[in-house]
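> Handing you a structure now.
Every number here is computed from the coordinates shown, using simple stated rules; none is lab data. In this text the structure is predicted, and so the values were computed from the model without any measurement. Note that each Cβ is placed from the backbone with ideal geometry, even for glycine, and that neighbours are counted across all protein chains shown.
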Ligand SMILES: Cc1cc2nc3c(=O)[nH]c(=O)nc-3n(C[C@H](O)[C@H](O)[C@H](O)COP(=O)(O)OP(=O)(O)OC[C@H]3O[C@@H](n4cnc5c(N)ncnc54)[C@H](O)[C@@H]3O)c2cc1C
């Protein structure tokens with residue numbers, strides 16, 4: 001499935017983007033707390049079939065109403081004009097925007113809740129700190145959201161002899177999606193920092209020969225993520241051959257691990273893909 005979708009994509013400097021896309025309107029079908037930190041929200045809608053699932057860390061822009069907005073207003077453009085259109089909307093109707101990962105995609109006819117295609121989105125809940133977290137914690141079936149397909153960031157080079165995947169809770173859906181989609185055979189080390197080990201268990205991570213998953217549990221759930229997982233990566237023994245690294249999560253975590261790998265271990269910068277998923281103490285937009 002993922003290979004098929006890759007043929008219908010175009011590569012940009014960092015992302016593998018869908019060739020065509022639309023800003024899809026969808027509805028919440030169900031929500032469920034699957035572990036101490038995670039809420040899984042399932043969405044569906046006729047136009048979700050326009051998204052070609054790419055597997056791996058496939059992500060999208062999520063547009064959703066701010067508290068007090070009774071209706072969801074969306075930009076009409078999905079090309080470069082969607083952002084100026086969003087900015088030009090009056091404050092009282094402009095939706096909020098955050099980024100999320102497609103944890104699972106079920107095509108039309110294979111859904112759990114209806115006839116349309118369905119997407120599971122796993123939200124790492126951080127209480128009332130951010131509007132997306134509040135939305136996921138309180139959303140009800142029937143509420144609307146918009147999705148804008150952004151493609152994938154994970155792009156290992158073909159002759160990578162091993163892979164290292166590192167992240168925190170926010171990246172756990174992406175790490176799980178990468179494990180679901182990848183071919184096993186070469187060593188894969190996965191380090192994921194979480195507040196509770198059940199958060200990892202609930203993701204039912206796919207595993208196989210050569211795959212080793214290392215959950216790193218923060219001693220203080222409120223601690224800024226980066227110290228525990230960075231220390232764990234520092235202690236890891238990595239093969240002395242070309243390898244590919246995917247880093248995602250809180251910006252400090254990502255830059256700290258990258259700095260260690262590039263400066264102290266001598267990995268080429270080009271072999272490390274790194275994306276700050278959120279900033280400690282700052283809203284995404
Ligand atoms: C490509 C991509 C894919 C992503 N996929 C997922 C995903 O599948 N699941 C997921 O949960 N997140 C994912 N994220 C991260 C998510 O977009 C951010 O966590 C986002 O900032 C949450 O929005 P918010 O409105 O809740 O908080 P914001 O309004 O952005 O921030 C408000 C406050 O909450 C804090 N905060 C934000 N996120 C977190 C967090 N995760 N943990 C603790 N504190 C936080 C901020 O530091 C700030 O103080 C992804 C990000 C990217 C770039």
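> Scan region 226-242 and tell me whether some residue there is buried (at least 23 other Cβ atoms within 10 Å of the Cβ), under 19 Å from the mean Cα position of the chain (by Cα) and over 24 Å from residue 52 (Cα atoms).
yes
> How about region 269-285: which of its residues are without any contact (Cβ under 8 Å) to a residue 24 or more places away in the chain and in contact with a helix residue (DSSP H, G or I) (Cβ under 8 Å, 6 or more places away or on another chain)?
Hit for region 269-285 is 269, nothing else.
> Next question, about the same structure. Could you figure out which of (1) over 21 Å from residue 195 (Cα atoms); (2) near the ligand (Cβ under 9 Å from one of its atoms) isn't true of residue 136?
Every listed condition holds for residue 136 apart from (1).
> Here's another thing I want to ask about it. Touching a residue at least 60 places away in the same chain (Cβ under 8 Å) and either closer than 27 Å to residue 60 by Cα or part of a helix (DSSP H, G or I) (or both): which single residue out of 183, 241, 204, 193 fits that description?
Values: 183 fails: touching a residue at least 60 places away in the same chain (Cβ under 8 Å); 241 fails: either closer than 27 Å to residue 60 by Cα or part of a helix (DSSP H, G or I) (or both); 204 fails: touching a residue at least 60 places away in the same chain (Cβ under 8 Å).
Only one candidate passes the filter, namely 193.
> Tell me which residues, restricted to region 44-70, are in contact with a strand residue (DSSP E or B) (Cβ under 8 Å, 6 or more places away or on another chain), on the phi < 0 side of the Ramachandran plot and part of a loop (DSSP other than H, G, I, E, B).
So in region 44-70, the residues in contact with a strand residue (DSSP E or B) (Cβ under 8 Å, 6 or more places away or on another chain) come out as 44-45, 47-48, 50-66.
Those still in the list that are on the phi < 0 side of the Ramachandran plot too: 44, 47-48, 50-54, 57-66.
Those that are in contact with a strand residue (DSSP E or B) (Cβ under 8 Å, 6 or more places away or on another chain), on the phi < 0 side of the Ramachandran plot and part of a loop (DSSP other than H, G, I, E, B): 51, 52, 53, 54, 57, 58, 65, 66.
> Filtering region 101-133 down to residues that are buried (at least 20 other Cβ atoms within 10 Å of the Cβ) and near the ligand (Cβ under 7 Å from one of its atoms), which residue is farthest from residue 285 (Cα to Cα)?
Looking at residues that are buried (at least 20 other Cβ atoms within 10 Å of the Cβ) and near the ligand (Cβ under 7 Å from one of its atoms), I get 103.
> Can we say residue 272 is over 30 Å from residue 62 (Cα atoms) and away from the ligand (no atom under 16 Å from the Cβ)? Explain how you work it out, then say what you get.
On the way: over 30 Å from residue 62 (Cα atoms): no; away from the ligand (no atom under 16 Å from the Cβ): yes.
The answer is no for residue 272.
> Could I ask something else about it? Condition check: touching a helix residue (DSSP H, G or I) at 6+ places or on another chain (Cβ under 8 Å), in a helix (DSSP H, G or I) and within 16 Å of the ligand (Cβ to nearest atom). Does residue 254 satisfy that?
Values: touching a helix residue (DSSP H, G or I) at 6+ places or on another chain (Cβ under 8 Å): no; in a helix (DSSP H, G or I): yes; within 16 Å of the ligand (Cβ to nearest atom): yes.
In short, no.
> Separate question: Got at least one residue in region 155-162 being surrounded by 18 or more Cβ atoms within 10 Å (Cβ to Cβ) and within 16 Å of the ligand (Cβ to nearest atom)?
Checked against the condition, which is being surrounded by 18 or more Cβ atoms within 10 Å (Cβ to Cβ) and within 16 Å of the ligand (Cβ to nearest atom), region 155-162 yields no hits at all.
> With (1) within 16 Å of the ligand (Cβ to nearest atom); (2) part of a helix (DSSP H, G or I); (3) under 24 Å from residue 150 (Cα atoms) as the list, and residue 199 as the residue in question, which single condition is left unmet?
Every listed condition holds for residue 199 apart from (3).
> Also, I was wondering about something else. Which one of these does residue 82 not meet: (1) under 24 Å from residue 15 (Cβ atoms); (2) in contact with a helix residue (DSSP H, G or I) (Cβ under 9 Å, 6 or more places away or on another chain)?
Result: residue 82 fails condition (2) only.
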